[in-house]
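Participant: Below is one structure. I have some questions about it.
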Amino acid sequence: RMAQPETIRVLLAEGADVIVAVPHSGINPNPRAGNDENAVFYLAQVDGVDAILSGHSHQVFPGKAYETLPDTDLSKGTIHGVPTVMAGSWGSHLGVVDLELKKAEGRWRVQDAKAEAREVKTLLPNGEQVFLDNNGEPLANGSVYFYIPTTETFKNTWQDAAQTILNTEAQRSKRFSM
């Protein structure tokens with residue numbers, strides 16, 4: 001573990017029992033160079049950090065991409081023993097950190113912990129879209145087109161949230177009937 005920085009010492013001195021770090025930072029075990037963009041691997045080594053909610057690199061932790069990350073337990077979602085979660089991007093996952101706390105010597109302490117990134121599509125069903133006419137009645141059939149606002153130019157639409165697969169002309173106009 002690394003020595004506590006002044007901020008953590010102050011938080012503990014002012015009565016904080018549990019410290020959850022929320023950095024805009026990803027996870028990378030490369031040697032530190034200073035002003036590191038993905039510093040969560042090292043943040044998890046700081047004494048006094050009880051949990052980490054990370055981001056920035058839009059990956060999913062715990063997840064397969066981190067199978068070879070040193071001192072990591074993917075089944076518990078920990079890095080250096082600290083529960084850590086990174087919930088992907090575009091709302092793809094819900095990050096959950098479960099801390100089991102016990103009061104000892106007047107302070108709450110983490111006894112056990114687990115972190116996981118739950119895939120959202122398993123939590124919520126896909127919404128159903130309804131198209132209405134000018135009177136608020138459901139349309140019986142027709143086409144839906146997407147335009148760039150205030151223009152007559154078609155707007156690109158995508159097959160995936162990462163916007164890497166562009167819809168074709170045929171997919172851009174969705175036919176529907178009831």
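Participant: Just give me the residues in the stretch 7-29 being polar (S, T, N, Q) and touching a Leu at 6+ places or on another chain (Cβ under 8 Å), in sequence order. If you could, list the steps in order and put the result at the bottom.
Facilitator: Of all residues in the stretch 7-29, those polar (S, T, N, Q) come to 7, 25, 28.
Matches in the stretch 7-29: 25 only.
Participant: Of all residues in the stretch 73-84, count the ones that are more than 16 Å from residue 19 (Cα to Cα), open to solvent by 40 Å² or more (accessible area, probe 1.4 Å) and not in a strand (DSSP E or B).
Facilitator: The total comes to 3.
Participant: Right, here's the next one. Select from the stretch 118-171 the residues that are at pLDDT 80 or above and either open to solvent by less than 70 Å² (accessible area, probe 1.4 Å) or closer than 30 Å to residue 95 by Cβ (or both) and list them in ascending order.
Facilitator: 118, 119, 120, 136, 151, 164, 165, 166
Participant: Do the conditions hold for residue 58, that is, is it touching a Gly at 6+ places or on another chain (Cβ under 8 Å), closer than 27 Å to residue 9 by Cβ and outside any strand (DSSP E or B)?
Facilitator: Numbers: touching a Gly at 6+ places or on another chain (Cβ under 8 Å): yes; closer than 27 Å to residue 9 by Cβ: no; outside any strand (DSSP E or B): yes.
So residue 58 does not fit the description; no.
Conditions (1) among the hydroxyl-bearing types (Ser, Thr, Tyr); (2) closer than 23 Å to residue 6 by Cβ, marked per residue:
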residue	(1), (2)
28	no, no
31	no, no
47	no, yes
52	no, yes
75	yes, no
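Participant: Let me ask something else. Select, from 21, 115, 87, 44, the only residue that is touching a residue at least 60 places away in the same chain (Cβ under 8 Å), within 30 Å of residue 162 (Cα to Cα) and surrounded by 19 or more Cβ atoms within 10 Å (Cβ to Cβ).
Facilitator: So the residue among 21, 115, 87, 44 that is touching a residue at least 60 places away in the same chain (Cβ under 8 Å), within 30 Å of residue 162 (Cα to Cα) and surrounded by 19 or more Cβ atoms within 10 Å (Cβ to Cβ) is 115.
The values are calculated or read from the model by the stated rules, or taken from the named source; none is laboratory data. Computed from a predicted model, the values in this text were never measured in an experiment. So basically every Cβ, Gly included, is an ideal-geometry build from the backbone, and we count neighbours across all protein chains shown. Keep in mind that these areas ignore ligands, DNA and RNA; they rest on the heavy atoms of the full protein, side chains included. Shrake-Rupley method; radii C 1.70, N 1.55, O 1.52, S 1.80 Å.
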